[in-house]
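**Student:** Right, I'll just put the structure down here and ask away after.
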Amino acid sequence: MHISAQNIQVTIGNSRLLDDVSLQVHPGELLGLIGPNGAGKTTLLRVLAGLRPPSGGQVLYDGKPLVRRDRPALARRLAYMAQGSDIAWPLRVDRLVALGRLPHQALFRRDAAEDAAAVSRALRRVGIEELRERALITLSGGERMQVLLARALAVEAEALLADEPVAALDPHHQLRVMELLSQEARAGKTVVAVLHDLPLAVRFCSRLALLHQGRLIAVGAPDEVLSDRHLALAYGVTGHRGEHEGEPFLLAWQRLARKSAAAGKGDPLPPAS
Amino acid sequence: MMALDAGRSASRSDQLPWLLPGLGLLVAALMLLSLGVGEAPISLVSAASSLLAGESTLETLLLLELRLPRALLGALVGASLGLSGAAMQGFLRNPLAEPGVIGVSSCAAFGAVVALYSGLSLTFPLALPLGGMGGALLSVLFLHLLAGREATTLSLILAGVAINAFAAALTSLALNLAPNPYAALEIVFWIMGSLADRTMEHVQLVAPIMLLGGLLLISGSRGLDALTLGEETAASLGIDLGRLRLKLVLGTAMMVGSAVAVSGAIGFVGLVVPHFLRPFVGQRPAQLLPASALGGAALLLAADLLVRLMPIGPELKLGVVTALIGAPCFLVLLRRLRRELPD
């Protein structure tokens with residue numbers, strides 16, 4: 001599914017969360033949404049998922065705007081994984097993952113066999129089949145994130161939008177989830193992930209979109225987007241670049257003096273490197 | 001290892017296949033008991049055979065005019081409180097929510113108190129339940145004005161708090177201004193909740209509205225399941241939160257408003273029953289709805305039997321008994337909750 005955001009504005013009161021953001025996401029790509037804290041990444045992801053109507057601009061799905069009556073159909077085509085693991089009731093893992101099948105069900109219409117198969121596939125893809133019958137309370141924070149990822153995969157949608165899917169994971173599982181997301185993309189899905197981890201973003205994403213203070217300041221190949229100038233502008237850091245096993249890597253190396261560590265809003269922009 | 005063991009035991013008790021049939025049988029048995037128990041002993045068998053023969057005896061009269069409405073209302077009111085309690089807990093994603101949280105019960109109580117206070121209920125007996133239902137309707141209008149259709153869950157709760165406080169104050173005002181102690185006592189007794197001396201007219205008045213409310217709540221099942229993952233994820237699963245909220249508020253108002261209108265304020269059923277049954281349905285909000293309806297009916301029928309069987313001078317009020325049993329149960333549940341809920 002092509003997702004096209006056109007001139008998106010989001011304002012709350014006097015603060016502008018997103019300012020004239022235009023972005024295209026294509027099937028078969030893993031797009032990393034990056035930027036410092038408070039840059040508007042989650043807001044943009046929610047707008048892309050159709051969860052938040054923008055104050056200005058519009059989002060097109062395969063060229064069509066979202067109307068209220070198409071909302072249930074979009075839920076089958078686009079899966080969204082929210083930030084954090086906010087789960088109200090300690091359901092068993094497989095039942096939680098099965099919630100991803102809700103868009104495919106109606107009060108008296110469901111294909112139980114197909115739903116069960118989709119749940120098994122999702123658990124297998126994330127590699128948490130052994131958690132299937134565990135109660136949620138017995139899981140760690142990282143395991144819960146994996147369960148929620150499996151929940152999103154169980155929708156078996158054309159597009160997957162995930163907000164910080166690797167935030168709570170150890171290095172092994174971070175790599176596993178990033179590999180999974182790029183596999184999804186290679187299988188023809190449209191994948192967008194909000195990421196804070198620049199090395200992972202550079203290594204796994206086909207394209208990056210860098211947000212800073214509500215504006216999209218760069219979109220494109222990872223090495224172009226994370227140039228020294230953009231690193232300084234958006235994050236206020238220098239980058240350490242290198243190559244390992246023929247693949248480039250990037251580490252945020254040093255804080256620049258004129259930018260506060262908290263990515264202060266309203267700071268004068270630092271000069272280009 | 002410990003986590004694994006905990007996981008296994010949790011999966012074993014994930015869901016009881018016989019829960020709904022078992023609760024159904026329990027409700028049926030309690031209803032039969034309820035028909036057989038009372039001040040005047042009657043034989044159900046002989047009353048039933050006279051009924052079938054088309055004879056009208058004192059026994060059949062007792063059965064049809066007194067016992068039957070009481071048993072039916074016990075089941076209906078209990079089911080309403082249990083079902084709407086489960087729906088509100090699921091909707092607010094909070095195990096401590098109860099059906100009165102949106103202000104419906106206190107408004108219904110106030111509506112009934114107006115009927116009592118004005119003396120309308122003396123000249124026209126159904127004025128009391130009608131007043132209660134009018135109060136419930138008013139609370140929904142207030143909620144709509146205060147919180148609106150596109151409101152957030154938080155503003156709904158806050159509006160409910162305000163409505164609850166205001167309705168309680170008005171009820172106290174009525175007590176305060178009561179012309180004589182007897183009138184005040186009548187109001188207080190009514191508020192305590194009872195199923196005594198209700199007629200089939202009461203049943204006919206509230207049953208259709210309760211059933212409709214129940215259907216509205218059940219139709220929100222998928223939405224309640226989806227809300228397990230939070231409002232944002234529920235919306236991404238195609239749930240129209242505004243519509244879900246409207247359904248659940250209306251359904252709860254119809255069920256609880258009618259329940260309070262015919263029986264007064266009966267606390268703790270809507271809070272404790274869903275809470276108690278949740279582990280037996282694998283914690284799933286949608287599965288909890290029918291189970292809580294049956295569980296609520298069983299609990300209220302049992303409490304009403306207890307009230308009638310207790311050898312105490314004036315009959316204890318039903319609301320007093322449910323609160324007396326409910327509050328300690330609730331404390332035990334609270335202790336369990338601390339262990340079972342995810343952080």
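Every number here is computed from the coordinates shown, using simple stated rules; none is lab data. Owing to the predicted nature of the structure, the values given are computational and were not obtained by experimental measurement. We place every Cβ from the backbone using ideal geometry, glycine too, and count neighbours over all the protein chains shown.
**Student:** Could you give the Stokes-Einstein D for the range B:2-340 in µm² per second, using the C-alpha Kirkwood radius, 25 °C, 0.890 mPa s? Don't skip to the end; give the middle numbers.
**Tutor:** Values: Rh = 20.7 Å.
It comes out at roughly 118 µm²/s.
**Student:** Shifting gears a bit: Report, in whole Å, the centroid distance computed from the Cα atoms of the range A:18-78 and the range A:153-197.
**Tutor:** Computed from Cα coordinates, the inter-centre distance equals 16 Å.
**Student:** Given H placed 1.01 Å from N in the peptide plane, which residues other than close sequence neighbours of residue A:80 have an amide H under 5 Å from its amide H?
**Tutor:** Answer set, sorted by chain and number: A:161.
**Student:** How large are Rg and Dmax for the range B:108-233 when calculated on the C-alpha trace, in angstrom?
**Tutor:** Final numbers for Rg and Dmax: 17.6, 56 Å.
**Student:** Something else: Can you grab the distance from the C-alpha centre of the range B:106-128 to the C-alpha centre of the range B:149-197, Å, no decimals?
**Tutor:** A separation of 12 Å, based on Cα centres.
**Student:** Then there is this: Among A:181, A:51, A:30, which one moves the most in a GNM of chain A with springs linking Cα atoms closer than 10 Å?
**Tutor:** Between A:181, A:51, A:30, it is A:51 that shows the largest mean-square fluctuation.
**Student:** Now for a different question. At q = 0.17, 0.19 Å⁻¹, what is the log10 ratio I(q)/I(0) for the range A:1-83, with the Debye formula run over Cα points and no solvent?
**Tutor:** Scattering profile of the range A:1-83, log10 relative to I(0): -0.69, -0.86.
**Student:** In addition: Take the alpha-carbon positions of chain A, form their convex hull, and give its projected area averaged over all directions (one quarter of the hull surface) in nm².
**Tutor:** Mean shadow area of the hull around the Cα atoms is 15.6 nm².
**Student:** Let me ask something else about it. Given the convex hull of the Cα atoms of the protein assembly as shown, what is a quarter of its surface area in nm²?
**Tutor:** Averaging across all directions leaves 33.5 nm² for the Cα convex hull.
**Student:** Could you name the aspartates and glutamates whose alpha carbon sits less than 14 Å from that of residue B:317, not counting residues in the same chain fewer than 8 places away?
**Tutor:** B:186, B:197, B:304
**Student:** Could I ask something else about it? Through the Karplus equation 6.51 cos²θ - 1.76 cosθ + 1.60, θ set to phi - 60°, convert the phi angles of the range B:217-233 into ³J(HN,Hα) values in whole Hz; use x for Gly and Pro.
**Tutor:** 5, 4, 5, x, 3, 4, x, 5, 4, 5, 5, 3, 8, x, 5, 5, 5
**Student:** Can I ask one more? What net charge do the residues around residue A:208 carry, taking every other residue with its C-beta under 14 Å from that of residue A:208, with Lys and Arg at +1 and Asp and Glu at -1? Don't jump to the answer; show the numbers that get you there.
**Tutor:** Values: positive: A:41, A:203, A:207; negative: A:29, A:197, A:223, A:224.
Cβ neighbours under 14 Å give a net charge of -1.
**Student:** Output needed: percent of Cα pairs per 5 Å distance bin for the range A:108-227, bins running from 0 to the one holding the longest distance.
**Tutor:** 2, 10, 19, 21, 18, 13, 8, 5, 3, 1, 0
**Student:** So who's got an amide H within less than 5 Å of the one on residue A:212, skipping anything under 5 residues away but keeping other chains? H placed 1.01 Å off N, in plane.
**Tutor:** Residues meeting the criterion, in which the H sits 1.01 Å from N, are A:217.
**Student:** Divide by every residue of chain A the summed helix terms, -39500 (n - 2.57) for each DSSP H run of at least 4, and state the resulting mean residue ellipticity at 222 nm, rounded to the nearest 500 deg cm²/dmol. The partial results should precede the final answer.
**Tutor:** Working: 8 runs with 76 residues, N = 273.
Calculated from helices alone, the mean residue ellipticity at 222 nm is -8000 deg cm²/dmol.
**Student:** Please give the calculated 222 nm ellipticity per residue for chain B, where each DSSP H segment of at least 4 residues contributes -39500 (n - 2.57) and the sum is spread over every residue; nearest 500 deg cm²/dmol?
**Tutor:** So the calculated ellipticity at 222 nm is -24000 deg cm²/dmol.
**Student:** Can you check how the C-alpha radius of gyration of the range A:37-98 compares to 2.2 N^0.38 Å, as a plain ratio?
**Tutor:** The range A:37-98 yields a ratio of 1.36.
**Student:** Quick check: convex hull over the Cα atoms of the range B:197-343, volume per residue in Å³, rounded to an integer?
**Tutor:** Dividing the Cα hull volume of the range B:197-343 by its residue count gives 116 Å³.
**Student:** From the backbone phi of the range B:45-55, what are the Karplus-calculated ³J(HN,Hα) couplings (6.51 cos²θ - 1.76 cosθ + 1.60, θ = phi - 60°) in whole Hz, Gly and Pro given as x?
**Tutor:** Per residue, the Karplus-derived 3J(HN,Hα) values read 5, 6, 5, 5, 5, 5, 4, 5, 7, x, 8 Hz.
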